[in-house]
1. So if I check each of Gln33, Gln18, which one is open to solvent by less than 60 Å² (accessible area, probe 1.4 Å) and either of a type in the set (Phe, Trp, Tyr) or more than 16 Å from the chain's Cα centre (by Cα) (or both)?
2. Kindly indicate whether Leu6 is in a helix (DSSP H, G or I) and at pLDDT below 90.
3. Give me a count of the residues in the range 36-52 that are open to solvent by 90 Å² or more (accessible area, probe 1.4 Å) and in a helix (DSSP H, G or I).
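The values are calculated or read from the model by the stated rules, or taken from the named source; none is laboratory data. Note that this is a predicted model, so its numbers are computed, not measured. Only protein heavy atoms, including side chains, enter the accessible area calculation; ligands, DNA and RNA are left aside. Shrake-Rupley method; radii C 1.70, N 1.55, O 1.52, S 1.80 Å.
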Amino acid sequence: MNKEYLKELYNKNKDKFQNREEELNSPADLEDQIKSYITSNMQYDFDLEIDVNKLFANDKSIELEEPEIEK
């Protein structure tokens, strides 16, 4: 994720993020919340398990499974 944009977004909306039941107290908390939303929505909408570490990793050496092609 774009850490600079998250930092900017968090700083511009700090009051909104801190004045809620589950407070977000840093840009890192905001990033974790976004990842949680993505994972939760994919699980609910498509019944998919998402590996957040692979999804947001910048490490190109992570091995990905080849998709099965339907014939």
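1. Gln18
2. Working: in a helix (DSSP H, G or I): yes; at pLDDT below 90: no.
So Leu6 fails the test.
3. Quick first cut of the range 36-52, residues open to solvent by 90 Å² or more (accessible area, probe 1.4 Å) only: 37, 44-47, 49.
With in a helix (DSSP H, G or I) added as a condition, the list becomes 37, 44-46.
Total meeting the criteria: 4.
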